[in-house]
Amino acid sequence: MNAKPNARLRIEVDHLCCVGNAMCLALAPGVFAHNESRQSEVANPKGGSREEILDAAENCPTGAISVSDADTGETLFP
């Protein structure tokens with residue numbers, strides 16, 4: 001990953017894959033929240049560090065989270 005450390009991130013949760021495991025909430029609680037369907041969603045994209053966000057995406061058991069650089073479109077995960 002050679003994106004800028006302070007790049008704006010685009011974070012997406014695929015609700016067709018999300019099973020509400022809440023691993024992302026545990027790893028980046030300022031970023032993710034559960035919606036009414038008990039699936040994760042991005043509540044505050046600036047609520048955590050780049051490392052926390054990427055850690056949450058990498059540890060999602062269903063691979064429902066994708067992260068990219070909002071300025072360049074470069075895929076950071078997966």
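Read-outs throughout are calculated quantities, based only on the coordinates presented, and are distinct from any laboratory measurement. Everything numeric in this text was worked out from a predicted model, so none of it was measured. All Cβ positions, glycine included, derive from the backbone under ideal geometry; neighbour counts span all protein chains shown.
Quick notes on this structure:
- In percent, rounded to a whole number, the relative contact order of the chain is 37, using alpha-carbon pairs under 8 Å and six or more apart.
- Given charges at beta-carbon only (K, R positive; D, E negative), |dipole| of the chain in Debye: 140
- Here the sum of -39500 (n - 2.57) over DSSP H runs of 4 or more residues, divided by the residues of the chain, equals -5000 deg cm²/dmol at 222 nm, to the nearest 500.
- Of CYS24, HIS34, THR62, farthest towards positive along the dipole that unit charges on Lys, Arg, Asp, Glu beta carbons give segment 9-68: HIS34
- With θ taken as phi - 60° and the Karplus curve 6.51 cos²θ - 1.76 cosθ + 1.60 applied, the whole-hertz 3J(HN,Hα) list for segment 18-31 is 5, 10, x, 4, 6, 4, 5, 5, 5, 8, 9, x, x, 9 Hz, x standing for glycine and proline.
- Our summary of shape: the Cα atoms of the chain have principal axis extents of 34, 21, 17 Å, ordered from largest down, in whole angstrom.
- Summing charges over all other residues whose Cβ lies under 9 Å from the Cβ of SER68, with Lys and Arg as +1 and Asp and Glu as -1, gives -2.
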